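The values are calculated or read from the model by the stated rules, or taken from the named source; none is laboratory data. Everything quoted here is computed from the prediction, not taken from an experiment. All Cβ positions, even for glycine, are placed from backbone atoms using ideal geometry, and neighbour counts span all protein chains on display. Side chains are part of the model used for accessible areas, which takes the heavy atoms of the whole protein and leaves out ligands, DNA and RNA. Shrake-Rupley method; radii C 1.70, N 1.55, O 1.52, S 1.80 Å.
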Amino acid sequence: MRFPLTAAARHAPGRPPARRWSRPVGLAALSMVVIALAWFAGGQDIGLQLVAWQRDLHRALTTAIATLDAVPTATAWLSLLGLSFGYGVFHAAGPGHGKAVLSTYLVSQGGALRRALWLSCLASLLQALVAIALVTVLVHGLGWLTRQAMGSVAWLEQASFLLVAMLGGWLTWRALAHAPRPREAARDHDHHGHACDCAHHLTPRQAEDWRGALAVVTSIGMRPCSGSVLVVGAASLLGHYWAGVLAVLAMAVGTALTVSALALASVMARGWAERRLQRSRYAAGAARYLRLGGLAGGLLILFLGLTLFMTGVRAPATVPLLDAAPAPAPSASPFGG
């Protein structure tokens, strides 16, 4: 005659609990929901204040460019570059899909601190270079107005959202297709010795995956800040193209500073979570839980990209790329001559 097992017997040391994975999975899901709510809803009030500060800084930038045109002194140059740096800091602190993608990628996929810094700096630099190239090609090369060049940012924005969705889809597929290999993970950790406290060695394939990193940088950096496009265009109208270029590069430095702080916080948060997991009773299934975290991150990035892309499709802006380019106006080349 068989008797049903008691609760104590079901959770005896010789018999693992049937749902011992439910708590870590629940915590991972809750963490991803918190991240999503923080980016989509929680930061609206702060974001509005940051946008107001950006507007004030933009007016100050316009004044600084006009002052530089009237009195090209060292003080005017320092004022322009300092204001540009501040604009980059506040712009990066506001809500945006780039920071959501980067932080979610680092939290769910892992990576070293140095790698997080490189991703932040490269994405910020690419944004600046795209803004400069946009004005150079459309305004100076094709004779477009600065307003039309700013409108074309909508096309790059949609392409950026599509790349974000593709990145999320690829991360989701990778998490589902590549099951963790406990033997390889254990051998890799033993090779580094017990003195190693780098929890990211549990997932070396993810930490060293530069294809994903390149996709992150491209999806973030290909969408330039409209303020930087306007600064280069306004400076060009006054005959100070290179002043606008330097101002945008100063913005990139400020943006990189803020984004790097967020990226480092994301990596350290994941490292803390991994160390806690290794020291808990769930350490034996750490590889599985980290893979589930990567799957959740990929799904969140996929959802973010598709949502933003479909929002842009439903509410299209005026697209100057469909209009005929205006006749080139006589203007001085930014390169001289």
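At a temperature of 10 °C and a viscosity of 1.306 mPa s, determine how fast the stretch 57-110 diffuses translationally according to Stokes-Einstein, using the Kirkwood radius over alpha-carbon pairs as Rh; express D in µm²/s, rounded to the nearest whole number.
Approximately 122 µm²/s, per Stokes-Einstein.
At full extension, L162 and T73 could sit 27.6 nm farther apart than now, given 0.36 nm per residue minus the alpha carbon distance. Which of the three applies to the stretch 218-278, rounded, prolate or oblate, going by the alpha-carbon gyration tensor with a ≥ b ≥ c and a/c under 1.5 meaning rounded? Judged from the Cα gyration tensor, the stretch 218-278 comes out prolate (a/c at least 1.5, a/b above b/c). For the stretch 76-150, the spread of Cα positions along the three principal axes, ordered from largest to smallest, is 45, 30, 22 Å.
A protection proxy built from the mean count of other Cβ atoms within 10 Å ranks the segments 266-275, 250-259, most packed first, as 250-259, 266-275.
Of all the accessible heavy-atom surface of the stretch 214-282, with the other protein chains kept in place and a 1.4 Å probe, what percent is carbon and sulfur?
Within the stretch 214-282, the accessible surface is 71 percent carbon and sulfur.
Placing a label point 7 Å from the Cα of W272 along the Cα-to-Cβ line, no residue of the stretch 113-127 has its backbone N under 11 Å from it.
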